[in-house]
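Undergrad: This is the structure, below, for whatever I ask next.
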Amino acid sequence: MLSYRHSFHAGNHADVVKHIVQSLILDALKQKDKPFVYHDTHSGVGRYDLQDERSEKTGEFKQGIARLWSRDDIPADITSYIDAIKALNDSDDLRYYPGSPRVARAQIRQQDRMVLTELHPTDFPLLLQEFRSDRQVKIYKEDAFLRLKGSLPPKERRGVVLIDPPYELKHEYMDVVNAIAESYKRWATGTYAIWYPVVYRENIDKMLRGLEKLGIRKILQIELGVEPDTTERGMTASGMIVINPPWKLESQMQAILPWLQQAIAPTHGHHTVQWVVPE
């Protein structure tokens, strides 16, 4: 199935959490001069027009990035994330929102590189167009996890893998666990950042149990909820599971999430930062 189009959801509360965590990981990698790789398994198109009919149809960005855009109390730790958005907008008006590849491209240096994979027949050519002639970006129209398996370990031996499938199919949660099992064998020192939506909490619990059974240490869970869990269909929360997180990420997100919850979901929101498996 390749029906998922992120353009309906760009800039929503889940994107905000995902891209803040992504930016903080990249900030940490840049603390050393040595090159690193950014590997994105489900890249999308790179940037999204929030005035597009798909974005306007759902209006999800209005409950996400739009609630942060004009605030004057932005935490210093999310400056890189906000700067990536500003880079796509010529004025103070919020029209374009970066997908994870554009968030990364705003931060990587001359010595770093990006590996992007996208299978959707409509999104892939748009992604190619977005990064045309960019020698630091390699784009593949391949199965995300097969390409990941073939790319590890990276020559740099430093970097981050962002894994954010659409989870349209139930087995995708365990597909992620299996991909981590294979990847960790090849590259145990890399950082793996797994995005997840909370639609049915049991799927997340099952994925977390699967990751715990792999015997991997240093697994951190970060989550922002906008509504209480429910048995009804619909995403009430989202989060990131980070394997080998930068040492400051836990404390940074403990400081950011209360502010983010108040900005996005002050009435029914909740947030979590906890170790699934400690060091």
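The values are calculated or read from the model by the stated rules, or taken from the named source; none is laboratory data. The model shown is predicted, which means the values in this text are computed figures rather than measured ones. All Cβ positions, glycine included, derive from the backbone under ideal geometry; neighbour counts span all protein chains shown. Quick note on the areas: whole protein, heavy atoms, side chains included, nothing else; ligands and nucleic acids left out. Shrake-Rupley method; radii C 1.70, N 1.55, O 1.52, S 1.80 Å.
Undergrad: Criterion first (in contact with a Lys or Arg (Cβ under 9 Å, 6 or more places away or on another chain), of a type in the set (Asp, Glu) and farther than 14 Å from Trp275 by Cα) does Glu182 satisfy it?
TA: So Glu182 fits the description; yes.
Undergrad: Could you check segment 29-48 and list, in sequence order, the residues that are in contact with a helix residue (DSSP H, G or I) (Cβ under 7 Å, 6 or more places away or on another chain) and either at pLDDT below 95 or open to solvent by 10 Å² or more (accessible area, probe 1.4 Å) (or both)?
TA: His42, Gly44, Val45, Gly46, Arg47, Tyr48, listed by residue number.
Undergrad: Hey, another quick one. Kindly indicate whether any position in segment 78-92 is of a type in the set (Val, Ile, Thr), touching a residue at least 24 places away in the same chain (Cβ under 8 Å), touching a helix residue (DSSP H, G or I) at 6+ places or on another chain (Cβ under 7 Å) and closer than 18 Å to Ala14 by Cα.
TA: So far as segment 78-92 goes, yes, one or more of its residues are of a type in the set (Val, Ile, Thr), touching a residue at least 24 places away in the same chain (Cβ under 8 Å), touching a helix residue (DSSP H, G or I) at 6+ places or on another chain (Cβ under 7 Å) and closer than 18 Å to Ala14 by Cα.
Matching residues to (1) in contact with a Cys (Cβ under 6 Å, 6 or more places away or on another chain); (2) in contact (Cβ under 8 Å) with a residue 24 or more places away in the chain; (3) part of a strand (DSSP E or B); (4) at negative phi:
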| residue | (1), (2), (3), (4) |
| --- | --- |
| Ala104 | no, yes, no, yes |
| Gln107 | no, yes, no, yes |
| Gln111 | no, yes, no, yes |
| Phe124 | no, no, no, yes |
| Arg135 | no, no, no, yes |
| Phe145 | no, yes, no, yes |
| Gly150 | no, no, no, yes |
| Leu162 | no, yes, yes, yes |
| Pro165 | no, yes, no, yes |
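Undergrad: Restricting to segment 227-246, count the residues that are assigned to a loop (DSSP other than H, G, I, E, B) and either of a type in the set (S, T, N, Q) or over 23 Å from Gly159 (Cα atoms) (or both).
TA: Counting residues in segment 227-246 that are assigned to a loop (DSSP other than H, G, I, E, B) and either of a type in the set (S, T, N, Q) or over 23 Å from Gly159 (Cα atoms) (or both) gives 11.
Undergrad: Then there is this: I'd like to know if segment 252-272 contains one or more residues that are exposed (fewer than 15 other Cβ atoms within 10 Å of the Cβ), at pLDDT 95 or above and either among the aliphatic types (A, V, I, L, M) or in contact with an Asp or Glu (Cβ under 9 Å, 6 or more places away or on another chain) (or both).
TA: Yes: one or more hits.
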